[in-house]
Amino acid sequence: MSSFDKHGHTGDTVFHGPDEISLHGRYVRLEPLERKHIDGLVVASAADPSLYRWSPVPQGRVETTSYVDTALAWRDAGTAVPFAIVRISDEAIIGSTRFWNLERWSWPQGHTAYGRNLPDACEIGYTWLARSAIRTAANSEAKLLMLTQAFEAWQVLRVCFHTDARNERSRAALERIGGQCEGTLRAHRMAADFTARNSVRYSIVPAEWPAVKQRLARLVDRA
């Protein structure tokens, strides 16, 4: 395992099982999401609910328990790998994120990828942070750790992101790291305000990953 440093090398990856991965950076650790994280997530999301206008972030213990149970059901079904985001300096839980929409393509027998038991493409989403983690290295490092896992460990062919078309901050952040805008999906999903959400889709493919990795590493260093 390699350690993360200022040049953008990956953090340590700890495998607990096929869909249970811990990703370790300098500032944050992504732990496999479990029910033990519920209390910390309740505290994290309660600090400033106004941050989550465009994101489905649970408030209170009842919503958070349902949120975690849903994420764990998706994990058990093999369609998601959810994390709790832990700030290393004080071990505080500061948010959550996940790989989801894991795609495993049906490669034909004889193809070099036949029989591979790893995702071929995935989405990163359900990412949110507590107020105390905004404008810190947390989001950039979490993205760096997850994208490194996706492109260098899983060797996926695409990572995509969807964001509410009205969420200008999220769109700007994805464009800043080099995500390529593919267009707008109309009435794509239910929005956090329970309307039909138009989603802007971004993606990163392997040829773009080295440049994206460098940009993320610079953002982490500047934080």
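What follows draws every value from the coordinates through simple rules; no lab data is involved. Small disclaimer: the values here were computed from a predicted structure and weren't measured. Don't worry about glycine lacking a Cβ; one is built from the backbone with ideal geometry, like all the others, and counts go over all protein chains shown.
Remark: the stretch 150-157, residue by residue, has Karplus-estimated 3J(HN,Hα) of 5, 7, 9, 9, 7, 6, 5, 9 Hz, where x stands for each Gly or Pro and the curve is 6.51 cos²θ - 1.76 cosθ + 1.60 at θ = phi - 60°.
Once the GluC sites (Glu not before Pro) in DSSP loops with at most 16 neighbouring Cβ atoms within 10 Å are cut out of the chain, the longest remaining piece is 92-223. Each residue of the stretch 139-147 is assigned a 3J(HN,Hα), and the resulting list reads 5, 5, 6, 4, 5, 4, 5, 5, 5 Hz, derived from the Karplus form 6.51 cos²θ - 1.76 cosθ + 1.60 (θ = phi - 60°), x at Gly and Pro. Of 94, 85, 134, which is the most mobile in a GNM of the chain whose springs link Cα atoms less than 10 angstrom apart? Judging by the Gaussian network model, the answer is 134.
Here the contact order of the chain, divided by its residue count and restricted to Cα pairs under 8 Å and six or more residues apart, works out to 18 percent. If you run the Gaussian network model on the chain, springs between alpha carbon atoms under 10 Å, then out of 143, 36, 213 the most flexible one is 36. Assign one of three labels to the stretch 87-190, namely rounded, prolate or oblate, based on the Cα gyration tensor with a ≥ b ≥ c the square roots of its eigenvalues; rounded applies when a/c is under 1.5, prolate when it is not and a/b is larger than b/c, and oblate otherwise. Since a/c reaches 1.5 but b/c is at least a/b, the shape of the stretch 87-190 is classed as oblate. Split the chain at each of the chymotrypsin sites (Phe, Trp or Tyr not before Pro) in a DSSP loop with at most 16 other beta carbon atoms within 10 Å, and the longest piece is 1-104. Judged by the gyration tensor of its Cα atoms, with axes a ≥ b ≥ c, the chain is rounded; a/c sits under the 1.5 cut.
P(r) tail for the stretch 153-193: Cα pairs beyond 12 Å make up 66% of the total.
The H on the amide N of residue 104, modeled in the peptide plane, is under 5 Å from the matching H of 120, each at least 5 residues off or on a different chain.
Note that the stretch 130-135 has calculated 3J(HN,Hα) couplings of 5, 3, 5, 9, 5, 6 Hz, one per residue in order, obtained from phi through the Karplus relation 6.51 cos²θ - 1.76 cosθ + 1.60 (θ = phi - 60°); glycine and proline are x. Comparing mean-square fluctuations of 90, 48, 120 from a GNM of the chain with C-alpha springs under 10 Å, the top value falls on 90. For the chain, the mean residue ellipticity at 222 nm estimated from helices alone is -8500 deg cm²/dmol, where every DSSP H run of n ≥ 4 contributes -39500 (n - 2.57) and the total is divided by all residues, rounded to the nearest 500.
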